[in-house]
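The values are calculated or read from the model by the stated rules, or taken from the named source; none is laboratory data. The shown structure was predicted, so the numbers you read here are calculated from the model rather than taken from an experiment. Neighbour counts are summed over all protein chains in view; Cβ atoms, including those assigned to glycine, are modelled from backbone coordinates with ideal geometry. For the accessible areas, the whole protein counts, side chains as well, though only heavy atoms, and no ligand, DNA or RNA atoms are used. Shrake-Rupley method; radii C 1.70, N 1.55, O 1.52, S 1.80 Å.
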Amino acid sequence: MPARAGRRQALSCGPLGDRATRVPLPPLPDSTPVARMAQTNPLPVPTGPWKITLYDQENFQGKRMEFTTSCANIMECSFDNIRSLKVDCGAWIGYEHTGFCGQQFTLERGEYPRWDAWSGSNAYHVERLMSFRPICSANHKESKITLFEKENFLGRQWEIGDDYPSLQAMGWANNEVGSMKVLCGAWACYQYPGYRGYQYILESDHHGGDYKHWREWGSHAQTFQIQSLRRIQQ
């Protein structure tokens with residue numbers, strides 16, 4: 001069905017609306033804010049099935065929209081906030097603020113009736129989720145990451161291919177990680193043991209998989225502290 005010209009701004013975020021058979025518009029010109037952001041912080045182009053359904057009210061009520069690609073600002077799609085969601089296909093990363101900034105939230109397949117379902121046991125709770133994108137490199141079966149004691153990939157190192165609710169319990173010397181190399185897959189790293197505290201989502205197809213300093217873990221990162229991590233499921 002041909003898209004209506006008046007919907008160009010909303011559809012730039014990739015919604016399918018209430019009809020799953022609707023054909024998405026082609027990419028917008030490089031002059032758009034989203035395109036300019038992609039030039040400075042390139043995102044991988046999805047090559048597989050991703051689908052997420054968003055609601056502007058809790059418990060899957062209110063306005064509803066479906067997306068199969070990233071959205072840098074949900075307000076451009078006539079939402080003031082995301083208050084519940086369903087992940088139908090793939091893994092996604094949600095952000096507290098527009099422009100893929102702020103706290104990060106791992107969104108794997110399932111239902112999230114309220115903000116605390118994705119915020120979980122973060123260091124502080126926020127009721128905002130204003131941008132999101134697919135995690136293209138997520139591969140639970142084939143994931144490897146190398147931890148380094150110091151920044152710039154120096155000091156003691158440890159290659160991991162499994163989930164660890166407590167790094168210290170498994171022999172890591174302290175509660176900090178200086179730098180990390182994601183060899184394959186995508187990982188959710190947590191500030192505290194038991195997958196608690198701030199989340200940092202590290203991907204093999206971002207930064208070339210190299211995270212040499214905590215400043216590269218996310219705009220909300222403020223410390224080297226990492227005490228648990230797990231593989232993200234596609």
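Once the whole set of protein chains is in place, how much accessible area is left on residue 170, using a 1.4 Å probe, in Å² to the nearest 10?
Ignoring ligands and nucleic acids, residue 170 comes out at about 110 Å².
Rolling a 1.4 Å sphere over the protein heavy atoms, what is the accessible area per residue of region 51-134, to the nearest Å²? Please report the intermediate quantities before stating the final value.
Working: 3020 Å² over 84 residues.
Ligands and nucleic acids excluded, the result is 36 Å² per residue.
Please give, to one decimal in nm, the separation of the simple spin-label points placed at residue 150 and residue 166, each 7 Å out from Cα toward the Cβ.
Modelled inter-label distance: 2.9 nm.
Based on the mean of other beta carbon atoms within 10 Å per residue, what is the order of 186-192, 156-162, most packed first? Working shown, then result.
Working: 186-192: 23.6, 156-162: 13.4.
Ranking, from highest mean packing down: 186-192, 156-162.
Using Cα centres only, tell me the gap between region 180-234 and region 145-170 in whole Å.
Computed from Cα coordinates, the inter-centre distance equals 11 Å.
On full extension of the chain, what length is gained from residue 223 through residue 81, given 0.36 nm per residue of separation minus the C-alpha to C-alpha distance?
Working: separation 142, 0.36 × 142 = 51.12 nm, distance 2.84 nm.
Gain on stretching residue 223 to residue 81: 48.3 nm.
For region 51-134, what does the relative contact order come out to in percent, with C-alpha contacts under 8 Å and a separation of six or more?
33 percent
Would you calculate the separation in nanometres between label points at residue 141 and residue 60, each defined as 7 Å from the Cα along the Cα-to-beta-carbon direction?
It is 2.9 nm.
Using Cα positions and a limit of under 18 Å, work out the aspartates and glutamates in reach of residue 86, with same-chain residues fewer than 8 apart set aside.
18, 56, 58, 66, 96, 108, 111, 116, 127
Accessible area of residue 219, 1.4 Å probe, to the nearest 10 Å²?
Roll a 1.4 Å probe over it and residue 219 shows about 80 Å².
Where a Cα-Cα gap under 17 Å defines reach, which aspartates and glutamates qualify for residue 150, not counting those fewer than 8 residues away within the same chain?
Result set, ordered by chain and number: 159, 176, 210, 216.
If ligands, DNA and RNA are left out, what is the accessible area of residue 89 with a 1.4 Å probe, given in Å² to the nearest 10?
Spelled out: residue 89, probe radius 1.4 Å, area about 40 Å².
Which of rounded, prolate, oblate describes region 144-231, given a ≥ b ≥ c as roots of the alpha-carbon gyration tensor eigenvalues and a/c under 1.5 marking rounded, otherwise prolate only if a/b is larger than b/c?
Details: a/c = 1.20, a/b = 1.16, b/c = 1.04.
It comes out rounded by the Cα gyration axes.
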